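In what follows, a structure is listed as structure tokens, so that the remarks can point back to it.
All of the numbers you see were taken from the coordinates with simple rules; none came from a lab. If you're wondering where the values come from, they're calculated on a predicted model, not measured in any experiment. We place every Cβ from the backbone using ideal geometry, glycine too, and count neighbours over all the protein chains shown.
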Amino acid sequence: MTIYLYKKTHNKTGLNYLGKTEKDPFKYLGSGIDWKQHITEHGPDITTVVIKECQTKEELSTWGRYYSDLWNIVESNEWANRIPETGGSDAGENHPCYGKPSPVS
């Protein structure tokens, strides 16, 4: 199983998104709440770069956290990520962003 760690950049606005998928990363648009909203508002004119092809969730988590920290994706206004990319979370109400308003408009 290959898990792709990717960086997407919206070509018109410059907003970035760090994500992961087991699907074709060039066809998959991404699933982040703010990223999906941005695509809806500005269209799917994006560039995708595959950063890593990981073979395990642990490998993805390691590299996802590395790039999340390197690019400061949660705090930076240049990114649509609410949390570090570590492979996903089913935390629901325990999620650190549960109930918080979207920081990206």
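Projected label points at residue 62 and residue 26, each 7 Å from Cα along the beta carbon direction, are separated by 2.8 nanometres. Around the amide H of residue 79, modelled in the peptide plane, lie the amide H atoms of 16, all under 5 Å away and 5 or more residues distant in sequence or on another chain. With a Förster radius of 22 Å applied to the beta-carbon distance between residue 13 and residue 72, the computed FRET efficiency rounds to 0.75.
Partner lysines whose Cα lies under 18 Å from the Cα of residue 36, excluding those fewer than 8 positions away in the same chain, are identified as 7, 8, 12, 20, 23, 27, 100.
Here the 3J(HN,Hα) profile of the range 3-11, calculated from phi with Karplus coefficients 6.51, -1.76 and 1.60 at θ = phi - 60°, is 10, 8, 9, 10, 10, 10, 10, 6, 5 Hz, Gly and Pro shown as x. 3J(HN,Hα) along the range 46-52, derived from phi through the Karplus expression 6.51 cos²θ - 1.76 cosθ + 1.60 where θ = phi - 60°, amounts to 10, 10, 10, 10, 7, 8, 8 Hz, with x in place of Gly and Pro.
With N counted as the residues of the range 1-64, its alpha-carbon radius of gyration over 2.2 N^0.38 Å works out to 1.10.
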